[in-house]
Structure formats: C-alpha cells, structure tokens
1. Can you name every residue in region 1-35 that is open to solvent by less than 70 Å² (accessible area, probe 1.4 Å) and of a type in the set (D, E, K, R)?
2. Here's a check for you: in region 36-82, which residue that is touching a residue at least 12 places away in the same chain (Cβ under 8 Å) and over 23 Å from residue 16 (Cα atoms) is surrounded by the fewest Cβ atoms within 10 Å (Cβ to Cβ)?
Amino acid sequence: MSNFIDAIGACKILNCSSRSLLRYRQQGKLLEGIHWGRNPSSKVLYDRELLENLVVCGGDVNHPDHQKFIQRILLDRPENQNQKKKQKAKSLEVGAA
C-alpha cells in the first residue's frame, strides 16, 4: 500500500474540508516536503503516516512527538540512507568514548 494519498484521503484523516486542507498548507500547518509534495505530474500528495501522527499530536506540527516522528520518517527515505549510516556510526563513536 502506498504511503502517499490524495487530498480526499488527507481530508478524511484530518476530518476537514478541501478548502481547510489548502489553508493548512498555505499557513504552514502542513509542511511542503514533509507532510505533502507534488508528484511528477504536479498532483499534490500527502504522507498518510505523518498526517495520522499529526492528528495524534493534536494537530501541533511543533509537538515534540511529531518532530521525532518526522525525523524518523525523513531518515527512512531512500535519499537519506547515507545520512542514516553516518548518524549510526557517530552514535557508536559516542557510545565507545
């Protein structure tokens, strides 16, 4: 199952209208490149897991638990796998010291 959903799915998760969803994006309550992005045909898609976690955190994008969840999701993205290895190596160095 794809982790990315369209606006209809995002509205269902957030329990909001499509107009509110657009307003959340415009006001920075949903962050581009984090909560949403565009596919090659310019269709806006939303990260289902992040939206679900945002709801659990009371809709607060700055909630500490949501920020930790964002970090984990970002590190798991394929383009960040090299950074994940570096971070793991760094934590091993700190633990050895």
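1. 6, 25
2. Only one residue tops the list, namely 75.
The values are calculated or read from the model by the stated rules, or taken from the named source; none is laboratory data. Since this is a predicted model, take the numbers as computed values, not measurements. Here Cβ is always computed from backbone atoms with ideal geometry, including for glycine, and neighbour counts include all displayed protein chains. Quick note on the areas: whole protein, heavy atoms, side chains included, nothing else; ligands and nucleic acids left out. Shrake-Rupley method; radii C 1.70, N 1.55, O 1.52, S 1.80 Å.
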